[in-house]
Amino acid sequence: MNREQTSHHRKKGGAALKTTFAALGVLVLLGVVQAATAGTVGVGALSVDLRGSATPPTSAAAPDTPEALLPANTPAEPGPNAETKAVEGSWKQSRGLLTAEITKVETVDGRVRLHLTAVNASTAKMDIPLTSITAKDDAGAEYAATPTSRWSGTLAKGATTTGQIDLDEPRSPGATALTVTLSDIVGPLAPTGGAIAVQNVPLP
């Protein structure tokens, strides 16, 4: 091969190399444009997604709603194994235009519960506060009504009210009967002295 042929081949090889580099530059430029616009690089199965997959936001589960609390004055109910004894009847006392009657006596786990009815036969309102209801047994023990009692102490004229009186202390050993007293009764036609007592109420 002479010098002219060698020079010719070198010129052809240099031109081909420049063409190859130019083509690679175009491909790189196209890849940059594709990545900027579509977020991917490559074609078909050889493409690469440059955008991270978004994770949907999650919300925390709402906490369980606590059960509604009972009001503070809700009477405590006896448990399933509570020992309950009861006696029913009519033990009453009238004074002036007011009558107090015990219709049922219970002992629940050793504590006394009275079912009390008050009748106001007057033409004026009377008030019998829960705190004024007390009892004394024949063994000498004294009791007071607890806040868990169910009692509406306001009696309109000619009205009757019935309630459940829970006594605060356990029944004393050997006691067989109670005297239940309603005192501090307020009203223009309340009994003289503002009190009434129901005696000889038996304990079951």
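You can think of it this way: the chain between Lys125 and Ala144 has 4.4 nm of extra reach, that is 0.36 nm per residue less the Cα-Cα gap.
What a 1.4 Å probe finds exposed on segment 106-204 is 52% carbon and sulfur by accessible area, rounded to a whole percent.
What is the Cα radius of gyration of segment 91-196 over 2.2 N^0.38 Å, N being its residue count? In units of the globular-protein estimate, segment 91-196 measures up at 1.05.
Taking the alpha carbon gyration tensor of segment 151-204, multiplying each eigenvalue by 5 and rooting it gives semi-axes of 26, 13, 10 Å, largest first.
The values are calculated or read from the model by the stated rules, or taken from the named source; none is laboratory data. Everything quoted here is computed from the prediction, not taken from an experiment. All accessible areas refer to the heavy atoms of the entire protein, side chains included, with ligands and DNA or RNA removed. Shrake-Rupley method; radii C 1.70, N 1.55, O 1.52, S 1.80 Å.
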